[in-house]
1. Is there a residue in region 289-312 that is crowded, with 20+ Cβ neighbours inside 10 Å, touching a residue at least 12 places away in the same chain (Cβ under 8 Å), in contact with a Ser or Thr (Cβ under 9 Å, 6 or more places away or on another chain) and in a helix (DSSP H, G or I)?
2. Note down all Cβ pairs under 8 Å where the first residue falls in region 189-205 and is on the phi > 0 side of the Ramachandran plot, the second is surrounded by fewer than 21 Cβ atoms within 10 Å (Cβ to Cβ), and they're at least six residues apart or on different chains.
3. I'd like the full set of residues that are surrounded by fewer than 22 Cβ atoms within 10 Å (Cβ to Cβ) and touching a Leu at 6+ places or on another chain (Cβ under 9 Å), limited to region 188-220.
4. For region 88-147, what are the residues that are touching a Lys or Arg at 6+ places or on another chain (Cβ under 7 Å) and of a type in the set (F, W, Y)?
5. Can you run down the residue pairs with Cβ atoms below 8 Å, 6 or more apart or on separate chains, where the first is in region 343-360 and closer than 18 Å to A196 by Cβ and in contact (Cβ under 8 Å) with a residue 40 or more places away in the chain and the partner is open to solvent by 90 Å² or more (accessible area, probe 1.4 Å) and charged (D, E, K, R)?
6. What is the one condition in (1) of a type in the set (A, V, I, L, M); (2) out of contact with any Leu (no Cβ under 6 Å at 6 or more places or on another chain); (3) farther than 17 Å from H135 by Cα that V239 does not satisfy?
7. For residues that are open to solvent by less than 40 Å² (accessible area, probe 1.4 Å), farther than 18 Å from S241 by Cβ and small (G, A, S), tally how many sit in region 263-288.
8. Would you check if G317 is in a loop (DSSP other than H, G, I, E, B), surrounded by fewer than 24 Cβ atoms within 10 Å (Cβ to Cβ) and of a type in the set (G, A, S)?
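The values are calculated or read from the model by the stated rules, or taken from the named source; none is laboratory data. This structure is a prediction, so every number in the text was calculated from the model and none was measured. Cβ: placed from backbone, ideal geometry, glycine included. Neighbour counts: every protein chain shown. Ligands, DNA and RNA are excluded from the accessible area calculation, which covers all protein heavy atoms including side chains. Shrake-Rupley method; radii C 1.70, N 1.55, O 1.52, S 1.80 Å.
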Amino acid sequence: MFSSFSLIVIGGGITGLSFALRALDYGLAVTLIAKDAVEDTTSALSAGMIAPAMEALTEAQPELSYARYVAAQKHWPVFAADLGLSEILEMAQPAVWVWSGEAGPSPDDMMARFTALGAKGQVMAEEDLAKLGFHAPLHGIEIVGEWLMAAAPVLAFMKTQFEARGGRWVEGDVTQVAAHSVELSDGSVHQAGHVAVCAGYGSASFADSVPSLKALTPIKGHLLDREGRSDPVLAGRMVRSPWGYWVFLDGLTKFGATMQAGKADEGVEPGVVESLKDKASKFTPSSVAPLQDVTPRVGVRAATPDHWPLIGRDISGVYVAAGMRRNGWIYGPYAATVLTALITGQEPPEGAEAYAPQRF
């Protein structure tokens with residue numbers, strides 16, 4: 001027998017941890033089963049960007065994307081306050097979009113693109129851009145309201161909070177999933193009133209019993225990590241461009257990232273690494289040494305045919321939150337809100353039907 005107030009969450013990345021923590025707030029007894037250590041999840045390897053405007057700008061329907069990303073982002077402040085992470089959001093530096101003026105749009109035209117989304121920011125003066133280490137022919141725009149998390153440390157903190165609040169963390173490889181039970185590779189069976197799959201592309205392995213997960217396809221991503229303190233002017237900044245992005249964290253600089261659709265292996269590809277280094281050279285700040293001694297990182301994300309996540313209850317009775325593509329950090333607390341609402345009989349946030357798992 002099991003209590004209807006019990007929950008099993010599969011996946012220890014940003015989505016799984018967000019949901020597990022939120023479910024504890026609602027009085028559920030939560031077991032989180034994770035195949036990987038927190039620091040080895042794709043969420044931990046990522047840049048940790050919660051950046052609606054920067055993500056939406058280059059997408060096929062930028063206005064729609066921005067509206068949905070902002071709606072999801074609005075669930076972060078309360079979630080962060082509950083965990084004691086509000087200071088990270090409050091101290092966030094403006095995000096910077098950098099591009100070349102040689103063949104690109106004028107600063108006014110580029111600013112108009114951001115304004116059309118609904119984003120707020122301003123064109124950077126040459127001297128302000130130069131303070132960050134960027135010079136002509138590069139132009140820059142600062143956008144406010146975009147946030148950056150140090151992914152691995154924040155996830156480790158969230159795990160600590162989960163366990164401190166009474167959550168049960170189980171390391172294991174799930175092989176079978178049903179509405180009220182999961183089976184691990186060691187043959188053990190865990191039962192609960194509710195089961196949720198929040199395991200990124202790993203969720204696809206349960207597609208035989210959770211049909212909506214058949215829609216998931218892999219996207220392989222390479223990033224380059226370099227340890228060492230950043231120039232204080234760049235600390236806490238994300239800088240994005242048509243060639244890629246930089247993030248400057250405490251003791252770690254990241255450059256990325258590739259979007260290799262259809263690839264699910266985690267092998268490092270030397271040619272891809274060299275391509276990223278070349279792209280980085282196109283807008284490396286003057287205070288940053290060229291990317292030579294770096295540690296390549298590879299993660300596999302999940303996508304759906306329409307590029308929007310699956311968040312809701314599958315026809316099998318299993319809850320799912322997967323297919324975030326490159327936006328897991330934007331969607332984590334939002335997905336947690338949707339799933340807890342469904343489990344507790346509350347009304348999900350407006351617009352949640354766009355992510356219904358049965359739409360494919």
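1. No, there is no match, as no residue in region 289-312 is crowded, with 20+ Cβ neighbours inside 10 Å, touching a residue at least 12 places away in the same chain (Cβ under 8 Å), in contact with a Ser or Thr (Cβ under 9 Å, 6 or more places away or on another chain) and in a helix (DSSP H, G or I).
2. G200/V300
3. H190, G193, Y201, A204, S205, A207, A215 - these are the residues of region 188-220 that are surrounded by fewer than 22 Cβ atoms within 10 Å (Cβ to Cβ) and touching a Leu at 6+ places or on another chain (Cβ under 9 Å).
4. Once the filter is applied, which keeps residues that are touching a Lys or Arg at 6+ places or on another chain (Cβ under 7 Å) and of a type in the set (F, W, Y), region 88-147 yields only W97.
5. Close Cβ pairs (under 8 Å, with a partner that is open to solvent by 90 Å² or more (accessible area, probe 1.4 Å) and charged (D, E, K, R)) amount to P357/R313.
6. Result: V239 passes all but (3).
7. So the count comes out to 1.
8. Numbers: in a loop (DSSP other than H, G, I, E, B): yes; surrounded by fewer than 24 Cβ atoms within 10 Å (Cβ to Cβ): yes; of a type in the set (G, A, S): yes.
So G317 passes the test.
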